[in-house]
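A.B. asks: After the structure tokens below, expect a handful of questions from me.
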Amino acid sequence: MSGHSGRTGPPAPKSVLARGLSLLDTFSAGEPELSLAEISARSGLPKPTAHRLLGELVEWGALERCRPGHYRLATKLFRLGQLVPRHRLLREAALPQLEELYELSHENVHLAVPDNLYTLFLEKLTGKESMAIRSRVGGRMPSHCTATGKVFLAWGGRDRLRRIVDAGLPRLTPKTIVLPGLLHQELERTVARGIGINREEAEPGVAAVAAPVHGERGQVVAALSITGRSHRLDVDRLGGLVRAAANTVSATLSSR
């Protein structure tokens, strides 16, 4: 899902480092390959400046040229991303529980973390029996219409919710909650039942249930979820399973 379509760039950053980073920020999961003109427009940098900095990023290994005048992210950024300590520890602690949830459900199973206004998927287990859905490792989706995102909003404090509402609540399906008052009620229900539920709010025919993972100080640092066909996803049964798995991950993180 692209967050850049039709978007013009912000004011150009001033420092060389900030300019280089602004070029990397123009890419998205939906558009992993961009032309020089697109990168220039989205970063706010003139084409000659963007071209020079892109060449340096290619030489360093952050980008690669995929065809004349087009660029995509390179594997060096992926390697660096795997070194982020918090995310690495989360994945290590969660993976046994993710595998067990998959064996019990044979649905799509996720580990997600909050990322500004979005939910970011760190890990995804799926199989031939699982429904094809749009989530991907490293991909982001809006918080207000996803089970993991609702977990982050419900336990994330008023400031996170205010920023989400101020940014707007886009309608992805006819069932997406787009009214702030209704979203607030849904988040209160999320806290009361201990799980976040998405009922065809991000994709038609797709439902999900998620539970919070707590850090050593009690704050919500991640969420586990199970996602599948809305007509066959047993929210009560799977909600209990995902909550138990998330509690186990929380205990593992605390012990470390």
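A.B. asks: Give the distance, in whole Å, between the Cα centre of the range 190-236 and the Cα centre of the range 117-182.
C.D. replies: 10
A.B. asks: Under the rule of -39500 (n - 2.57) per DSSP H run of 4 or more residues, summed and divided by the residues of the chain, what mean residue ellipticity at 222 nm is obtained, to the nearest 500 deg cm²/dmol?
C.D. replies: -14000 deg cm²/dmol
A.B. asks: Shifting gears a bit: Need the list of aspartates and glutamates near K175 for cross-linking: C-alpha distance under 16 angstrom, and skip anything on the same chain fewer than eight residues off.
C.D. replies: K175 reaches E186, E200, E201, E203.
A.B. asks: Further, regarding this structure: Pulled fully out, how much extra length does the chain show between L77 and L95, if you take 0.36 nm times their separation in residues and subtract their Cα-Cα distance?
C.D. replies: That pair, L77 and L95, stretches by 4.2 nm at full extension.
A.B. asks: How large is the Kirkwood hydrodynamic radius of the range 27-146, counting all unique pairs of alpha carbons, in Å?
C.D. replies: Roughly 16.6 Å, rounded to one decimal.
A.B. asks: Still on this structure, I have one more. Working from Cα positions, state the angle (0 to 90°, nearest 10) between the long axis of helix 47-60 and the longest principal axis of the chain.
C.D. replies: Compared with the principal axis, the helix lies near 70 degrees.
A.B. asks: Oh, and also: As I understand it, the value is the acute angle between the Cα axis of helix 235-255 and the longest principal axis of the Cα atoms of the chain; what does it come to in degrees, rounded to 10?
C.D. replies: 70
A.B. asks: Using just the Cα positions, wrap the range 158-248 in a convex hull and report its mean projected area in square nanometres, one decimal place.
C.D. replies: Directional mean of the projected Cα hull area for the range 158-248 stands at 6.3 nm².
A.B. asks: Determine the share of the range 11-76's accessible area contributed by carbon and sulfur atoms, expressed in whole percent, with a 1.4 angstrom probe.
C.D. replies: 59
A.B. asks: What part of the accessible area of the range 104-206, given as a whole %, is carbon or sulfur when the probe is 1.4 angstrom?
C.D. replies: 53
A.B. asks: Solvent-accessible area of F78, probe 1.4 Å, all protein chains present, reported in Å² to the nearest ten, please.
C.D. replies: Probe radius 1.4 Å; accessible area of F78 about 130 Å².
A.B. asks: Please name which of W60, P48, I133 has its Cα lying farthest along the dipole of the chain towards the positive end, using unit charges on Cβ (Lys, Arg +1; Asp, Glu -1) and the Cα centre as origin.
C.D. replies: P48
A.B. asks: When ligands, DNA and RNA are left out and all protein chains stay put, how many square angstrom of accessible area per residue does the chain have with a 1.4 Å probe?
C.D. replies: 51
A.B. asks: Once Rh is set to the Kirkwood radius over Cα pairs, what Stokes-Einstein translational diffusion coefficient, in µm²/s, holds for the chain at a temperature of 20 °C and a viscosity of 1.002 mPa s?
C.D. replies: 110
A.B. asks: Only Cα pairs within less than 10 Å get springs; with that Gaussian network setup on the chain, which residue of T176, T146, T75 has the largest fluctuation?
C.D. replies: T75
A.B. asks: Still on this structure, please answer the following. What do you get for the angle between helix 157-167 and the principal long axis of the chain? Use alpha-carbon atoms, 0 to 90 degrees, nearest ten.
C.D. replies: On a 0 to 90 degree scale, this one is about 50.
The values are calculated or read from the model by the stated rules, or taken from the named source; none is laboratory data. Computed from a predicted model, the values in this text were never measured in an experiment. Don't worry about glycine lacking a Cβ; one is built from the backbone with ideal geometry, like all the others, and counts go over all protein chains shown. These accessible areas exclude ligands, DNA and RNA; they are computed on the full protein's heavy atoms, side chains included. Shrake-Rupley method; radii C 1.70, N 1.55, O 1.52, S 1.80 Å.
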